[in-house]
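One structure is given here, and the rest of the page talks about it.
The values are calculated or read from the model by the stated rules, or taken from the named source; none is laboratory data. Because the structure is a prediction, the values reported are computed rather than measured. All Cβ positions, even for glycine, are placed from backbone atoms using ideal geometry, and neighbour counts span all protein chains on display.
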Amino acid sequence: MARNDDRRRLLADAGLSVLARDGARGLTHRAVDEEAGVPTGTTSNYFRSRDALIAGLVSRIGERLMPTDADLARRAAQPPSRALFADYVRDIVRRLGEHSDVTLALFELRLEGARRPEVAATLAEWQRAAFAADVDFNHSAGLPGGAREIALLHYAIDGLMLDRLTTPIDPGTTTDDVIDDLVAGLLPDS
């Protein structure tokens, strides 16, 4: 079968929608076919097994949550500072919120990884590579903070997004205020 990257992305996006809406137990090849509006069996032609489907979804999550080149170029022209670091954090949170189905699907996969070692292995490889890339980016951009701060940032953003996409503990506090406080705590004035 000829490789069709557009069809693969369509199926992966449908899989993310199913995962976000129905959870890991609802993620089947047939459910993805239905969500994508394609003939039965199409998803299994592109993703032969459930593990292959999950690996495809993890890859697509990375693609969907990637910052745009324009966003990166705009920020690259600014001098490194705590304010610029906060701007990057705002952009991460914005992308996670705008693609809430992708973010919820990622949370679902992380929960499934707690139950299935093969899912955990797929996610761990992707997460560690993404974390290393984030640390490298932060360093090469001359931004304040190192691996410890980036790890703490990941922990905080995961919690913030879980809060904002489910039942907020403090709905009166804006996400921007949370980010400002978070960055101030991670990177105190020097």
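Tell me, which residue of the stretch 61-75 that is among the small types (G, A, S) and surrounded by fewer than 12 Cβ atoms within 10 Å (Cβ to Cβ) is nearest to the chain's Cα centre (by Cα)? The qualifying residue nearest to the chain's Cα centre (by Cα) is A70.
No other residue among S140, S100 is at pLDDT below 95 and either within 26 Å of A70 (Cα to Cα) or of a type in the set (A, V, I, L, M) (or both) apart from S140. Only residues that are within 20 Å of L65 (Cβ to Cβ) and either outside any helix (DSSP H, G or I) or of a type in the set (A, V, I, L, M) (or both) were counted across the stretch 146-175, and they come to 11. Of the residues that make up the stretch 148-159, is at least one of a type in the set (A, V, I, L, M), over 22 Å from G185 (Cβ atoms) and not assigned by TED's automatic domain parsing to the domain that holds L11? Within the stretch 148-159, not a single residue is of a type in the set (A, V, I, L, M), over 22 Å from G185 (Cβ atoms) and not assigned by TED's automatic domain parsing to the domain that holds L11.
Quick grid of which residues meet (1) within 29 Å of G159 (Cβ to Cβ); (2) exposed (fewer than 13 other Cβ atoms within 10 Å of the Cβ); (3) not basic (K, R):
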{"site": "D6", "(1), (2), (3)": "no, yes, yes"}
{"site": "G15", "(1), (2), (3)": "yes, no, yes"}
{"site": "V38", "(1), (2), (3)": "no, no, yes"}
{"site": "G56", "(1), (2), (3)": "yes, no, yes"}
{"site": "S59", "(1), (2), (3)": "yes, no, yes"}
{"site": "A86", "(1), (2), (3)": "yes, no, yes"}
{"site": "R90", "(1), (2), (3)": "yes, no, no"}
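Of the residues making up the stretch 85-106, those that are hydrophobic (A, V, I, L, M, F, W, C) and within 29 Å of S140 (Cβ to Cβ) are F85, A86, V89, I92, V93, L96, V102, L106.
Does T28 count as surrounded by 14 or more Cβ atoms within 10 Å (Cβ to Cβ) and either under 26 Å from D5 (Cα atoms) or in contact with a Cys (Cβ under 6 Å, 6 or more places away or on another chain) (or both)? Answer is yes for this residue. Here is a check on your reading of the model: is V89 at pLDDT 90 or above, farther than 30 Å from P188 by Cα and in contact with a helix residue (DSSP H, G or I) (Cβ under 7 Å, 6 or more places away or on another chain)? Considered against the rule, which asks whether it is at pLDDT 90 or above, farther than 30 Å from P188 by Cα and in contact with a helix residue (DSSP H, G or I) (Cβ under 7 Å, 6 or more places away or on another chain), V89 comes out as no. Restricting the stretch 138-190 to residues that are of a type in the set (S, T, N, Q) and surrounded by 11 or more Cβ atoms within 10 Å (Cβ to Cβ) leaves a set whose member that is nearest to Q78 (Cα to Cα) is N138. Within the stretch 2-13, one or more residues are assigned to a helix (DSSP H, G or I), of a type in the set (G, A, S) and within 22 Å of L111 (Cα to Cα).
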